[in-house]
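The structure under discussion appears below in the form of structure tokens.
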Amino acid sequence: MLDREPHDFSRGRFRLTGVLLNAAAQLVLKKGMSQIGSIQVDINSILTMVLKASTNIYVWSGLIFYVISFVVWLMVLSRVEVSYAYPFLSIGYIIAAFVGYFYFGESMTLNKIGGIIIICLGVFLLYRS
């Protein structure tokens, strides 16, 4: 059985690092794909996208962030129960929503704000359990 102490600093630090790296990967990939443009669902468009993505620094950076976040997340899962660790990834949704709004000019509706509040409450309740 895993030793699950929610207030252990190193476990919390690893969880937060994993979440931040995962969110950073999404956001950097979004930047790269915004430069590449919209992709149609046909073989030529997909091959063109793969070629463009393979030379895009943001896409490569996002992939590197994903690999690092994967390693960090393995460290997290080796220390805590998955039912406790996994919901913390939802913090990445909050980060992505705000960065999307401020950096990419994406919409921030009342429904999104309500969802963010619910996520925050859920993570808070989980952390206190």
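The values are calculated or read from the model by the stated rules, or taken from the named source; none is laboratory data. Quantities reported herein were computed from a predicted structural model and do not represent experimental measurements. Methodologically, a virtual Cβ is constructed for each residue, glycine included, from the backbone with ideal geometry; neighbour enumeration extends over all protein chains shown.
Among the residues of the range 99-123, write down those that are assigned to a helix (DSSP H, G or I), of a type in the set (A, V, I, L, M, F, W, C) and either more than 15 Å from Val19 (Cα to Cα) or in contact with an Asp or Glu (Cβ under 6 Å, 6 or more places away or on another chain) (or both). It would help to see each step written out before you state the result.
Taking the range 99-123 first, the residues assigned to a helix (DSSP H, G or I) are 99-104, 110-123.
Imposing the further condition that a residue be of a type in the set (A, V, I, L, M, F, W, C) reduces the set to 99, 102, 104, 110, 113, 116-121, 123.
Phe102, Phe104, Leu110, Ile113, Ile116, Ile117, Ile118, Leu121 - these are the residues of the range 99-123 that are assigned to a helix (DSSP H, G or I), of a type in the set (A, V, I, L, M, F, W, C) and either more than 15 Å from Val19 (Cα to Cα) or in contact with an Asp or Glu (Cβ under 6 Å, 6 or more places away or on another chain) (or both).
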Given the condition crowded, with 18+ Cβ neighbours inside 10 Å and either within 11 Å of the chain's Cα centre (by Cα) or modelled with pLDDT of 90 or more (or both), answer yes or no: does some residue in the range 13-20 qualify?
yes
Any chance the range 28-47 includes a residue that's polar (S, T, N, Q), modelled with pLDDT of 90 or more, surrounded by 14 or more Cβ atoms within 10 Å (Cβ to Cβ) and in contact with a helix residue (DSSP H, G or I) (Cβ under 9 Å, 6 or more places away or on another chain)?
no
Report whether or not Ala85 is crowded, with 17+ Cβ neighbours inside 10 Å and modelled with pLDDT under 90.
yes
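What number of residues within the range 50-62 satisfy the criterion of being surrounded by 15 or more Cβ atoms within 10 Å (Cβ to Cβ) and either hydroxyl-bearing (Ser, Thr, Tyr) or in a helix (DSSP H, G or I) (or both)?
Within the range 50-62, the subset surrounded by 15 or more Cβ atoms within 10 Å (Cβ to Cβ) is 52-53, 56, 58-62.
Right, trim to either hydroxyl-bearing (Ser, Thr, Tyr) or in a helix (DSSP H, G or I) (or both) and you get 52-53, 58-62.
Here the count works out to 7.
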Residues in the range 100-109: is at least one out of contact with any Cys (no Cβ under 7 Å at 6 or more places or on another chain), loosely packed, with under 13 Cβ neighbours inside 10 Å and acidic (Asp, Glu)?
no
Are there any pairs, at least 6 apart or on different chains, whose C-beta atoms fall under 6 Å, with the first in the range 54-71 and touching a residue at least 24 places away in the same chain (Cβ under 8 Å) and the second surrounded by 16 or more Cβ atoms within 10 Å (Cβ to Cβ) and of a type in the set (Val, Ile, Thr), and if so, which?
Tyr58/Val28; Ser61/Val28; Gly62/Val28
Flag for Ala25 being of a type in the set (A, V, I, L, M) and within 17 Å of the chain's Cα centre (by Cα):
yes
Log entry, pairs with first residue in the range 105-129 being touching a residue at least 60 places away in the same chain (Cβ under 8 Å), second being part of a helix (DSSP H, G or I) and of a type in the set (Asp, Glu), beta carbons closer than 9 Å, six or more apart or on different chains, reads none
State all residues of the range 93-128 that are modelled with pLDDT of 90 or more and of a type in the set (Ser, Thr, Tyr); if no residue qualifies, say none.
Tyr101, Tyr103, Ser107, Thr109
